[in-house]
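The values are calculated or read from the model by the stated rules, or taken from the named source; none is laboratory data. Since the model is a prediction, treat every value here as computed from it, not as a measurement. So basically every Cβ, Gly included, is an ideal-geometry build from the backbone, and we count neighbours across all protein chains shown.
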Amino acid sequence: MAGMTIGLSKRDWWTVLAVTLLVWLILAAVRERVIPFRATEAQRTYLLAGDEPEYFLAAWSLAHDGDLNLYNNVRGKTWGSFQMRDVCGVGHGELAHFQRISPAMRLASPKEWEGRQLLIHRPGTSVLISPAAYSTVRFRWWAYFIVATFACLGLGGILVTTVREGASAVPAGLLAVLLALSPPGMFYANQAYPEIPAAVLLALSACLLFGSSSWAIAGSALAVAIAPWFSDRAILPAAVLGLLCLWSARKSKVLPVLFGIFAVAAVFLALYYWRRFHVPWPVLHNWRCHASVANIPAFLPRVLFDRGRGIVWLCPALAMLPAAFYFWFRSGSHRSLCVGIAVAMAAGLMGVASFPDWEGGVCPAGRYGVIYQWLALPVFLAWYKSGMSAKQKVLLLLPLLAGVAISLLVSAHPSWWYRSYHPLFGYPLLDRFYDVLPDLRVANTVAVTKAAGWLSVLVLYNVMAVMAARPATSTSKAVS
């Protein structure tokens, strides 16, 4: 049953604007602690992690050279504007590394490779932050500004869409603020990584499908088509949401337009890789990073519940998704979208769990959980819109506040973002609690017992939410 589209009142518009501006200002305050305008050389180097320097270097190359060939930038040390050390790791970006990505390049000789050093990642992030490269000393600050602003604009779009479909602006805005300011998304909103832009596009795409108009479905398809240009981790969720777009437009005249959007996006992305690596998509031949379905049974529990990388401990509100999906589906509103988002999340998580390096290398824990944190927003908004009891609101509010508390604590100590485990437990008083959580890197009896115990607690919490539901008549009235 499609929701009834309504216009936004002046109060609704002011509420959405206030929520968006509030998140934007909080991210700006945190950014000033992470990378101030007058950061020292040591700060500029220390705060970079993982693949981030290469996104910066590619952005610089786009702005100043008009290409993504990083060879001259690396040799000319143009990366000195944002860090001191060489921008690429050992062998990263060299011929041997690209030969592992592309079977066709196994035949390439060093002479053929001379003068080339290409960005191995998807170009969306570098394109997005490339305007920041025109500011030299403040390059990184402006890059983070662009990423955070992109996230806030997406958040505003999500709220406008859901309020237009009948959600109350103030509670929806409060929910959006608390979830957006929870980790791991809070940490990545001020970093130059692809997860935030991809997550925002996927969440906006899902929320646009609450509407039934042709422009909403076309906008959803466009957001889905752009997301894979940022991150490989967005491909499986985007594929599911793309199918949802086609299903929503099955009786609409906009259906051919959707096929055109997806076809153009797929062809251009394939051409991008073919021209650079002679394959239509990256093919990883590094045995240490080889994806396999056989990895999923062991790695999926780690993705969710491991004390060092589990996204449930970084964003506690995600533990409430089973109850949220249950009440949304039971309400009868947009059931196909409810099932679709659940499948998109499951497919994406299993895709992440199939890779041995799912934790994101030396990056802050939970890098790959950002997409699922943002996709949870339309699920919680749909649950709220279907009719929540006062007890259910409290049960959802508690883990949301816990997530914000983690962000506030960690933001006071930015160096904790780069610890090898959950950053919250850099706080000495909480070390003992860290030991209580399961260490699933070693599947021994102790770890499995701890995981089973915590899973039981989370299941019980969701059962409490189910038991705290309003009577069926009240729920039906709220839906109608």
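Scanning the stretch 10-42 for residues that are modelled with pLDDT under 80, assigned to a helix (DSSP H, G or I) and surrounded by 15 or more Cβ atoms within 10 Å (Cβ to Cβ) gives a single hit, Val34.
As a summary of the residue check, Gly348 satisfies the conditions (1) surrounded by fewer than 19 Cβ atoms within 10 Å (Cβ to Cβ); (2) touching a helix residue (DSSP H, G or I) at 6+ places or on another chain (Cβ under 8 Å) except for the one numbered (1).
Which residues, counting only those in the stretch 449-466, are over 13 Å from Pro316 (Cβ atoms) and under 26 Å from the mean Cα position of the chain (by Cα)?
First, the residues of the stretch 449-466 that are over 13 Å from Pro316 (Cβ atoms): 449-453, 455-456, 459-460, 463-466.
Matches in the stretch 449-466: Ala451, Leu455, Val459.
For the stretch 320-331, filtered to residues that are at pLDDT 95 or above and small (Gly, Ala, Ser), the residue that is farthest from Ala376 (Cα to Cα) is Ala323.
Tallying residues that are assigned to a helix (DSSP H, G or I) and in contact (Cβ under 8 Å) with a residue 24 or more places away in the chain within the stretch 430-458 yields 5. Here Trp383 meets each of (1) under 28 Å from Ala198 (Cβ atoms); (2) out of contact with any helix residue (DSSP H, G or I) (no Cβ under 9 Å at 6 or more places or on another chain); (3) modelled with pLDDT of 70 or more; (4) not basic (Lys, Arg) with one exception, condition (2).
Put simply, of Arg309, Arg288 the only residue that is in the same structural domain as Asp439 (by TED's automatic domain parsing), in contact with a Lys or Arg (Cβ under 7 Å, 6 or more places away or on another chain) and at pLDDT below 85 is Arg309. Scanning the stretch 209-243 for residues that are in contact with a helix residue (DSSP H, G or I) (Cβ under 8 Å, 6 or more places away or on another chain), in a loop (DSSP other than H, G, I, E, B) and within 17 Å of Val160 (Cα to Cα) yields Leu209, Phe210, Gly211, Ser212.
Flag not set for Val370, criterion: in the same structural domain as Val224 (by TED's automatic domain parsing), farther than 20 Å from Gly173 by Cα and surrounded by 23 or more Cβ atoms within 10 Å (Cβ to Cβ).
Counting just the residues of the stretch 168-211 that are of a type in the set (Ser, Thr, Tyr) and buried (at least 24 other Cβ atoms within 10 Å of the Cβ), which one comes out farthest from Leu377 (Cα to Cα)? Give the derivation first.
Let us first name the residues in the stretch 168-211 that are of a type in the set (Ser, Thr, Tyr), namely 168, 182, 188, 193, 205.
Filter again for buried (at least 24 other Cβ atoms within 10 Å of the Cβ), leaving 182, 188, 193, 205.
Values: Ser182: 12, Tyr188: 17, Tyr193: 20, Ser205: 12 Å.
Going through the qualifying residues, I end up with Tyr193.
From Phe299, Phe277, grab the single residue that is farther than 25 Å from Phe380 by Cβ, crowded, with 23+ Cβ neighbours inside 10 Å and assigned by TED's automatic domain parsing to the domain that holds Leu437.
Working: Phe277 fails: crowded, with 23+ Cβ neighbours inside 10 Å.
Just a single option satisfies the conditions, and that option is Phe299.
Selection of the stretch 336-356 for residues being without any contact (Cβ under 8 Å) to a residue 40 or more places away in the chain and either outside the structural domain of Tyr368 (by TED's automatic domain parsing) or closer than 20 Å to Val293 by Cα (or both) yields Ala342, Ala346.
Against the test of being modelled with pLDDT of 85 or more and either more than 27 Å from the chain's Cα centre (by Cα) or of a type in the set (A, V, I, L, M) (or both), the options Gly76, Gly66, Gly7 yield a single qualifying residue, Gly66. Checking Gly166, Gly185, Gly219, Gly156 one by one, the residue that is free of Cβ contacts under 8 Å to residues at least 24 places away in the same chain and assigned by TED's automatic domain parsing to the domain that holds Leu244 is Gly219 and no other.
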